[in-house]
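To start, the structure under review is shown below, and the notes come after it.
The values are calculated or read from the model by the stated rules, or taken from the named source; none is laboratory data. Here the structure is a predicted model, which means the values were calculated and not measured. Methodologically, a virtual Cβ is constructed for each residue, glycine included, from the backbone with ideal geometry; neighbour enumeration extends over all protein chains shown.
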Amino acid sequence: MKKQQQYVDKTYRLMRDEAPLSFMLPVRNSRRSPLLWFDEEKGANRALRYGANQKSPFEDEQDGNVIVEPIIFEDGFLTVPRTNQVLQKFLHYHPLNGKRFEEVNNEEDAARVVDALTLEVDALSEAKNLNIEQLETIGRVLMATDVSKMTTAELKRDILIYAKQDPSGFLRMVSDPEIKLQSKVQMFFDEKLLAFRNNKKDVYFNLPANKKRMMTIPFGEDPMYVVTSYLQSDEGLEILEYLEKQLEG
């Protein structure tokens, strides 16, 4: 036995954060506003037109007595009753569906909120359980500053705030194997073993017996990223080991 189709009221919303008080959706195909839907079975684009007195949203299935009515989103929303199936179908096929507006789906909205909250909880839990060494490592990379001048409470506060504001970015950061090296590179600069010159265009050694230029930063590149990458290269590994010994000494 064929299951009977259920008709329900549907609500649609504009997709940008600040919706206008009133937004009028294009309702007929024109050169200025092409309303076409590609029919896979027929292999052709079919023109759309909203006719309140029609049974189909496609022009080629409508009669010659079409009453075209405006479609207006008020305060960013439009509610279509289950009795207006032609409008629901028109909105389903509309080329701006998924780009300018979308159907409200409470279950999907709730799932997205749950996912976002779960991600935030995971990030805050990860930040809360960092030991002091990990806090300093993440702090150096996040704030690019001498974290030794911050109290443990200040450092933990700032990292918890970051984890709350950007949970996915924070979780990526704590699982990144390069973070420790980036932190160590920041320490080389904090401890004055290395120094930037010429508006961070050049990196120089700043050791009692070595004040030579180590490298030049390519234009437009992030200086810390470039230095970290260089110290992982075959050419830079020996320098990395040397700087690590200086740091320990």
Tally, over the stretch 193-241, of residues that are out of contact with any helix residue (DSSP H, G or I) (no Cβ under 8 Å at 6 or more places or on another chain) and more than 18 Å from residue 183 (Cβ to Cβ): 22
Any hit, the stretch 204-212, residues being in contact with a Ser or Thr (Cβ under 9 Å, 6 or more places away or on another chain) and in the same structural domain as residue 228 (by TED's automatic domain parsing): no
Matching residues, the stretch 9-61, being touching a Phe, Trp or Tyr at 6+ places or on another chain (Cβ under 7 Å), among the charged types (D, E, K, R) and under 16 Å from residue 100 (Cβ atoms): 13
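Each row is one residue, and each column tells you yes or no for (1) at pLDDT 95 or above; (2) farther than 26 Å from residue 6 by Cα.
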| position | (1), (2) |
| --- | --- |
| 49 | yes, no |
| 75 | no, yes |
| 80 | yes, no |
| 88 | yes, no |
| 99 | no, yes |
| 106 | no, no |
| 110 | no, no |
| 115 | no, yes |
Residue in the stretch 183-190 that is within 30 Å of residue 117 (Cβ to Cβ), in the same structural domain as residue 131 (by TED's automatic domain parsing), in a helix (DSSP H, G or I) and not basic (Lys, Arg) present: no
Matching residues in the stretch 213-249 - criterion: being surrounded by 11 or more Cβ atoms within 10 Å (Cβ to Cβ) and among the aromatic types (Phe, Trp, Tyr): 225, 230, 242
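Looking only at the stretch 210-230, which residues are part of a loop (DSSP other than H, G, I, E, B) and among the hydrophobic types (A, V, I, L, M, F, W, C)? If you could, list the steps in order and put the result at the bottom.
If we filter the stretch 210-230 for residues that are part of a loop (DSSP other than H, G, I, E, B), which is where we start, we get 211-212, 217-222.
Answer for the stretch 210-230, where residues must be part of a loop (DSSP other than H, G, I, E, B) and among the hydrophobic types (A, V, I, L, M, F, W, C): 217, 219.
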The stretch 69-83 - residue that is surrounded by fewer than 16 Cβ atoms within 10 Å (Cβ to Cβ) and touching a residue at least 60 places away in the same chain (Cβ under 8 Å) and, of those, farthest from residue 59 (Cα to Cα): 77
Criterion: touching a residue at least 12 places away in the same chain (Cβ under 8 Å) and either on the phi < 0 side of the Ramachandran plot or part of a loop (DSSP other than H, G, I, E, B) (or both) - qualifying residue of 121, 86: 86
